[in-house]
1. Just want the ordering: Val37, Val233, from fewest to most Cβ atoms lying within 10 Å of their own Cβ.
2. Under the rule of -39500 (n - 2.57) per DSSP H run of 4 or more residues, summed and divided by the residues of the chain, what mean residue ellipticity at 222 nm is obtained, to the nearest 500 deg cm²/dmol?
3. How much net charge surrounds Ala227 when only the other residues with a Cβ under 15 Å from the Cβ of Ala227 are counted, with Lys and Arg +1 and Asp and Glu -1?
4. So what is log10(I(q)/I(0)) for the stretch 3-232 at q = 0.11 1/Å, when the Debye sum runs over its Cα atoms only?
5. Which whole-number percentage describes the relative contact order of the stretch 158-236, with Cα contacts under 8 Å and a sequence gap of 6 or more?
6. Among Thr26, Gln47, Pro220, which residue has its Cα furthest toward the positive end of the charge dipole of the stretch 3-232, with +1 on Lys/Arg Cβ and -1 on Asp/Glu Cβ?
7. Working only with C-alpha atoms, what are the Rg and Dmax values of the stretch 71-131, expressed in angstrom?
8. Out of Thr171, Pro91, Tyr142, whose Cα points farthest toward the positive end of the dipole of the chain (charges: +1 Lys, Arg; -1 Asp, Glu; placed on Cβ)?
Amino acid sequence: MPDDEVERILVVVAHPDDADFGAAGTIASWTNAGIEVTLLCCTHGEQGAQPDADIAAIPALREGEQRAASAELGVTDVRFLDGFRDGWLEPSFDLQREIVRVIREVRPQRVLTQSPERWYERLMASHPDHLAAGEATVRACYPAAENPFAWPELGLDFWKVGEIWLMAHPTADHPIDTTEFFDRKVAALRRHASQTGHRADLEDMLLVFGQSIAERFGLPAGTTAEAYGIVPVNRR
């Protein structure tokens, strides 16, 4: 599905900063093209803290960081689910229902989420919560969100998602050249100070990884990229 046929995109991730590490350049390219992007975090990332942190303050801190990071990318609709614990996420029916609720509210033609398939060569990208968020989102996209008999009590019309983009997919085959938006990716991730403030090498790390993806797909030297597996669901 070409971008010029897309008006709304929903991004679903497990934790604050997941979307920015995996897809910030791509998201910035979409908002730059006038596409409305909504970000949904399934948890508040309360386990993502230094050992001496005030754990009670972490959820609000990370929510604020995510909103600031998303603003760097042109995303203003940032949502968080309540009742799902960081580190304990499962693709439960409760989680699927809440993702279906947001799909039916946003009515996206495209959904970007984390791969439900484990990537053994980059195991950190396949955190169990990431796998759970991806699996629940895929199930929510098909068949639940488009089934009028699934959770009719939500009071929302069913919606057919056109395609799903999977980040950190072990066999990703669709690269996006993000060179133009690399600086905005860095800016977004710097907003996650609780997670990246100790990384003096943050920009270099992101550059090396982005260039390695570009090189893998034969893009010109010096470019950066992000890569996805794309799953067609409904073609209009």
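Coordinate-derived values only; no laboratory data. It should be emphasised that the depicted structure is a prediction, and the values quoted were computed from it without experimental measurement. Cβ atoms come from the backbone with ideal geometry, glycine included; neighbour counts cover every protein chain shown.
1. Numbers: Val37 25, Val233 19.
If I rank by nearby Cβ atoms, fewest first, I get Val233, Val37.
2. Numbers: 7 runs with 86 residues, N = 236.
It comes out at -11500 deg cm²/dmol, rounded to the nearest 500.
3. -3
4. Listed by q, the Debye log ratios stand at -0.51.
5. Values: 100 pairs, mean separation 43.3, N = 79.
Computed over the stretch 158-236, the figure is 55 percent.
6. Ranked along the dipole, the leading option is Gln47.
7. Computed over the Cα atoms of the stretch 71-131, radius of gyration and Dmax are 13.5, 36 Å.
8. Comparing the listed Cα positions along the dipole, Tyr142 ranks first.
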